[in-house]
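This report refers to the structure that appears directly beneath it.
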Amino acid sequence: MKKFMLIVALFLVASLALAQSTAVTTITINAAATALTLANSDGGVDGVIRGVTYTVVFDPYAGASTVVPNNNGEATNGDVGVDISGDVSSNVVVEMSLPDHLLGTGGTSMPITFPSSGPGGGVRVETGGFFNPNVTNTFNLGSGGTCSLRLGYVFTVPANTNIAGDAYIGQILTTAYYTGL
């Protein structure tokens, strides 16, 4: 009987060994990117004259937009652009959909262009560097996690503008996203 019990015990131990299995559990932690935030910077020009072509340039040293000519009291009323905030030192792709005309409240339209280079084009406020707003650009948000972009533009006031109050309005759609996402 002892021999039988020993055989049964060995059989149970062998059966337990054969029934044993292992499993590997994986832990995955995904870091989330800080949501990008975009804040518009609205602007334009006041006091324009019929038939005159104007150029608006953002001056990074003065930190403001200027308009030329300004012989008759024409003045900018804000800087056109966008402020982007996100992860520190991350790269973001920025695309701008720029209008080619502004619609007048009196029913006319005004052509507008955004120069592709130099001081009349796009300016990154933090560095004073120029960029072409007509193409997709990539910017590094730097140690502050921000990027402020301002735009220059050129327009000619239509000769048939109702000078007593026509306003010309257009919109710029800016899309930004992290690279690699």
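Some observations on this one:
- Backbone amide hydrogens, once placed in the peptide plane, bring Ser148 within less than 5 Å of Ile84, Val125, Glu126, excluding anything fewer than 5 places away on its chain.
- Charge dipole of the chain about the Cα centre (unit charges at C-beta), most positive-ward option of Thr37, Ala64, Gly118: Thr37
- Phi-derived couplings, Karplus 6.51 cos²θ - 1.76 cosθ + 1.60 at θ = phi - 60°, listed residue by residue for segment 69-85: x, 9, 6, 10, x, 4, 8, 6, 10, x, 9, 8, x, 8, 10, 10, 10 Hz, with x used for Gly and Pro.
- A cut-off of 5 Å between modelled amide H atoms, ignoring neighbours fewer than 5 places along the same chain, links Ile112 with His101, Leu102.
- Using a Förster distance of 35 Å, the FRET efficiency for Thr146-Asp100 (Cβ separation, nearest 0.05): 0.75
- At 1.567 mPa s and 4 °C, Stokes diffusion of segment 124-165 via Kirkwood alpha-carbon radius, µm² per second: 96
- P(r) histogram, all alpha-carbon pairs of segment 36-174 included - 10 Å bins from 0, percent: 12, 42, 31, 12, 3
- About its Cα centre, segment 36-174 has a charge dipole of approximately 200 debye under the convention of +1 per Lys or Arg Cβ and -1 per Asp or Glu Cβ, with nothing else charged.
- Residue-averaged [θ]222 nm for the chain, counting only DSSP H segments that reach four residues, each worth -39500 (n - 2.57): -3500 deg cm²/dmol
Here, each number is a calculation from the coordinates, and none is a lab measurement. Source: prediction; values computed, not measured. A quick note on method: Cβ atoms are made from the backbone with ideal geometry, for glycine too, and the neighbour counts reach across all protein chains shown.
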